[in-house]
Amino acid sequence: LEVNLVPMKAIEDEWIGLVIVLHDITAIRRLEKVRSEFVANVSHELKTPIAAVKGFAETLLAGAMNDAETAKSFLQIIYDESERLNRLIGDILELSKVESKRIPLQFSPVHLSSFVGKTLNMMRSSADKKEIGLEMSVDEETYMEADEDRLRQILFNLLSNGINYTPEGGKVKVEVEEVPGATQGEAEKIRFIISDTGIGIPKKDLPRIFERFYRVDKARSRSSGGTGLGLSIVKHLVDLHGGSIRVESDLGLGSRFILELPVIQS
Ligand code: ADP
């Protein structure tokens, strides 16, 4: 609370009263705090890969280059960390765009069964590496109005997580259902269920996983190439579509992300 005291004087410097202005600055302070925390997080996240690149390059220059095996493994680390930096910067830019709502969405009719099929094909090679089965269940007749690129990004982020956090031999699935509205026979919303048979998310972490840089297990997220921003980007894109997203999970058994978007954008 900010308090301002303003004395009120009449002509001859004679006091006639005091105006007390009480300003509730909680919201402003909170916003400032969130912003400075974000900057601190971003700096920390960027520093980690840069430190690795610098450190391994220095060691190579100091002589490690002479041993071909060592050199190769250090160069691989430098390459991987540069990739991480690239992804991180891409995600930070994307997040700042969707957060400032500066991206105009371009809505068009989307045929969901071909859309989901194509998106799953993009994930095929990373799923195959872990022998993870990809499944879909979408009715041929289902259409919705959406920004196709953004919708793909939502699905892509959720599927990448499904694959990342599921051990070898598991399953990741996309189901699409129409949710009926008040008018009989007309769907009002489309429900996407993206489920996996992965490691699951502890109950206490569930409310926080859509926050920027929030990870249940930092080491696991890092080693699987995560930036900690995927779900917060998803949440913003879902909001821009006027939809909602929630998550259910059983530790050790798997997770289900339930996404609901309006069929028609108004
Ligand atoms: P990351 O890049 O770390 O995956 P996200 O924002 O996409 O960041 O997800 C935030 C965190 O939520 C992850 O670090 C992980 O701990 C958890 N998480 C997300 N999706 C899943 C999933 N399908 N199964 C288990 N944990 C998940």
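Remarks
- In the range 241-265, the qualifying residues are those that are farther than 16 Å from LEU155 by Cβ and among the aliphatic types (A, V, I, L, M), and the one that is least open to solvent (accessible area, probe 1.4 Å) is VAL263.
- Remark: pairs (first residue in the range 239-259, within 11 Å of SER195 (Cβ to Cβ); second residue more than 12 Å from the ligand (Cβ to nearest atom) and open to solvent by 30 Å² or more (accessible area, probe 1.4 Å); Cβ separation under 6 Å; 6+ apart in sequence or on different chains) = ILE258/ARG246.
- Single residue of the range 1-46 satisfying the filter (among the charged types (D, E, K, R) and closer than 29 Å to THR227 by Cβ) that is least open to solvent (accessible area, probe 1.4 Å): GLU45
- Considering each residue of the range 208-231 in turn, none proves to be within 25 Å of SER126 (Cβ to Cβ), among the hydroxyl-bearing types (Ser, Thr, Tyr), buried (at least 18 other Cβ atoms within 10 Å of the Cβ) and at pLDDT 95 or above.
- Apart from one condition, LEU61 fits all of (1) over 25 Å from LEU1 (Cα atoms); (2) open to solvent by less than 70 Å² (accessible area, probe 1.4 Å); the exception is (2).
- If you go through the range 179-207 and pick out every residue that is in a loop (DSSP other than H, G, I, E, B) and either near the ligand (Cβ under 8 Å from one of its atoms) or at pLDDT 95 or above (or both), you end up with 6.
- When the range 217-235 is limited to residues that are in a helix (DSSP H, G or I) and among the aliphatic types (A, V, I, L, M), the one that is farthest from the ligand (Cβ to nearest atom) turns out to be ALA219.
- Only one entry in VAL176, VAL238 is in contact with a strand residue (DSSP E or B) (Cβ under 6 Å, 6 or more places away or on another chain), outside any strand (DSSP E or B), open to solvent by less than 30 Å² (accessible area, probe 1.4 Å) and under 24 Å from GLN106 (Cβ atoms), namely VAL238.
- Any hit, the range 140-152, residues being within 11 Å of the ligand (Cβ to nearest atom), open to solvent by 10 Å² or more (accessible area, probe 1.4 Å) and aromatic (Phe, Trp, Tyr): no
- One residue alone among ILE264, ILE258, ILE245 is more than 9 Å from the ligand (Cβ to nearest atom) and in a loop (DSSP other than H, G, I, E, B), and that residue is ILE264.
- Any chance LEU120 is in contact (Cβ under 8 Å) with a residue 12 or more places away in the chain, touching a Ser or Thr at 6+ places or on another chain (Cβ under 9 Å) and either surrounded by fewer than 17 Cβ atoms within 10 Å (Cβ to Cβ) or outside any loop (DSSP other than H, G, I, E, B) (or both): no
- Within the set PHE192, PHE107, PHE156, the sole residue that is open to solvent by 70 Å² or more (accessible area, probe 1.4 Å), in contact (Cβ under 8 Å) with a residue 60 or more places away in the chain and either of a type in the set (A, V, I, L, M) or under 20 Å from HIS241 (Cβ atoms) (or both) turns out to be PHE107.
- Matching residues in the range 160-178 - criterion: being within 13 Å of the ligand (Cβ to nearest atom) and either without any contact (Cβ under 8 Å) to a residue 40 or more places away in the chain or polar (S, T, N, Q) (or both): SER160, ASN161, ASN164, THR166, PRO167, LYS171, LYS173
- As a summary of the residue check, VAL98 satisfies the conditions (1) open to solvent by 30 Å² or more (accessible area, probe 1.4 Å); (2) modelled with pLDDT under 95 except for the one numbered (1).
The values are calculated or read from the model by the stated rules, or taken from the named source; none is laboratory data. As the structure is a computational prediction, the values presented were derived from the model and not from experiment. With ideal geometry, Cβ positions are generated from the backbone for all residues, glycine too; neighbour counts draw on all protein chains shown. Quick note on the areas: whole protein, heavy atoms, side chains included, nothing else; ligands and nucleic acids left out. Shrake-Rupley method; radii C 1.70, N 1.55, O 1.52, S 1.80 Å.
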